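The values are calculated or read from the model by the stated rules, or taken from the named source; none is laboratory data. Quantities reported herein were computed from a predicted structural model and do not represent experimental measurements. Cβ atoms come from the backbone with ideal geometry, glycine included; neighbour counts cover every protein chain shown.
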Amino acid sequence: GAVVSQHPSRVICKSGTSVKIECRSLDFQATTMFWYRQFPKQSLMLMATSNEGSKATYEQGVEKDKFLINHASLTLSTLTVTSAHPEDSSFYICSARTHDTDTQYFGPGTRLTVL
Amino acid sequence: GQNIDQPTEMTATEGAIVQINCTYQTSGFNGLFWYQQHAGEAPTFLSYNVLDGLEEKGRFSSFLSRSKGYSYLLLKELQMKDSASYLCPRTGYALNFGKGTSLLVTP
């Protein structure tokens, strides 16, 4: 149980394009999903928290107009990196939890490379 | 803040036992997690301690002392695949992971 998937696992795109990353909870309903970013040899940094059916809460320093988050259902959240630039190249990881637990289960991550 | 403190790096030998310590700020504490993260991969959940004491799960055990703001992860019969970073975030609205402890298991 508690499986979270992410798609795609790896994406390479040109500078200026937009990339959408999907995060799905496969066997549970995720009332809350989190999006993290991790640069090489750095710690996971929380970007935003999304609750199903409401707007995402962004961490300080994360541009909400650049990183669009949608959590339209209890099993799906999407992160869209708009007008991607090389400095957006990173490992993006989502996690999900249910309303009755603090345990977060992580997706396998998406490695984004912007050329 | 959550002020998690862990050793940055540890090295241990295959087959041995290693203890990874974690101290944290106790105010507003509800529970503490341990996650394992291999290089280039997402974290995987190991344990969640809410009450004092030791919880065992196979080769891995996690201990918590709420009064001392202290936890440890005990890994027995170390295997090469246990080389990874070990993270001990505290509960909160979101988890503060820090860099964790990088464990290297050598032959």
Among A:88, A:65, which is the only one that is among the acidic types (Asp, Glu), away from chain B (no Cβ under 13 Å) and exposed (fewer than 15 other Cβ atoms within 10 Å of the Cβ)? A:65
Of all the residues that make up segment A:25-44, how many are among the hydrophobic types (A, V, I, L, M, F, W, C) and within 11 Å of the chain's Cα centre (by Cα)? 3
Quick check on segment B:5-18. Is at least one of its residues closer than 23 Å to residue A:97 by Cα and either within 14 Å of chain A (Cβ to nearest Cβ) or of a type in the set (D, E, K, R) (or both)? no
Subset of segment A:80-105 [farther than 15 Å from residue A:17 by Cβ, modelled with pLDDT of 95 or more and not small (Gly, Ala, Ser)]: A:91, A:92, A:93, A:94
Testing residue B:72 on (1) surrounded by 16 or more Cβ atoms within 10 Å (Cβ to Cβ); (2) within 26 Å of residue A:91 (Cβ to Cβ); (3) at pLDDT 95 or above; (4) out of contact with any Asp or Glu (no Cβ under 9 Å at 6 or more places or on another chain), one condition comes back false. Which one is that? (2)
What are the residue pairs meeting all of these: first residue in segment A:81-104, first residue over 19 Å from residue A:38 (Cα atoms), second residue modelled with pLDDT under 95 and of a type in the set (Asp, Glu), Cβ atoms under 9 Å, and 6 or more apart or on different chains? none
crowded, with 17+ Cβ neighbours inside 10 Å and in contact with a helix residue (DSSP H, G or I) (Cβ under 9 Å, 6 or more places away or on another chain): is that true of residue B:95 in this structure? no
Out of segment B:63-107, which residues are of a type in the set (Phe, Trp, Tyr), in contact with a strand residue (DSSP E or B) (Cβ under 6 Å, 6 or more places away or on another chain) and within 14 Å of chain A (Cβ to nearest Cβ)? B:86, B:97
Of everything in segment B:53-67 that's without any contact (Cβ under 8 Å) to a residue 40 or more places away in the chain and not small (Gly, Ala, Ser), which residue is nearest to residue B:3 (Cα to Cα)? B:64
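Taking only segment B:19-37 into account, find how many residues are aliphatic (A, V, I, L, M) and within 14 Å of another protein chain (Cβ to nearest Cβ).
Of the residues in segment B:19-37, the ones aliphatic (A, V, I, L, M) are B:20, B:32.
Of the ones still in play, those that are also within 14 Å of another protein chain (Cβ to nearest Cβ) are B:32.
Going through segment B:19-37 one residue at a time, the tally reaches 1.
Only one of A:110, A:78 is β-branched (Val, Ile, Thr), within 14 Å of another protein chain (Cβ to nearest Cβ) and surrounded by 14 or more Cβ atoms within 10 Å (Cβ to Cβ); which?
Criteria check complete, one pass: A:110.
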Among B:42, B:84, which is the only one that is free of Cβ contacts under 8 Å to residues at least 12 places away in the same chain, crowded, with 19+ Cβ neighbours inside 10 Å and of a type outside the set (Phe, Trp, Tyr)? B:42
Filter segment B:38-62 for residues that are of a type outside the set (Phe, Trp, Tyr) and at the interface with another protein chain (Cβ under 8 Å from one of its Cβ atoms) and give the result. B:40, B:41, B:42, B:43, B:44
Can you confirm whether residue A:101 is within 14 Å of chain B (Cβ to nearest Cβ) and either in contact with a His (Cβ under 6 Å, 6 or more places away or on another chain) or part of a loop (DSSP other than H, G, I, E, B) (or both)? yes
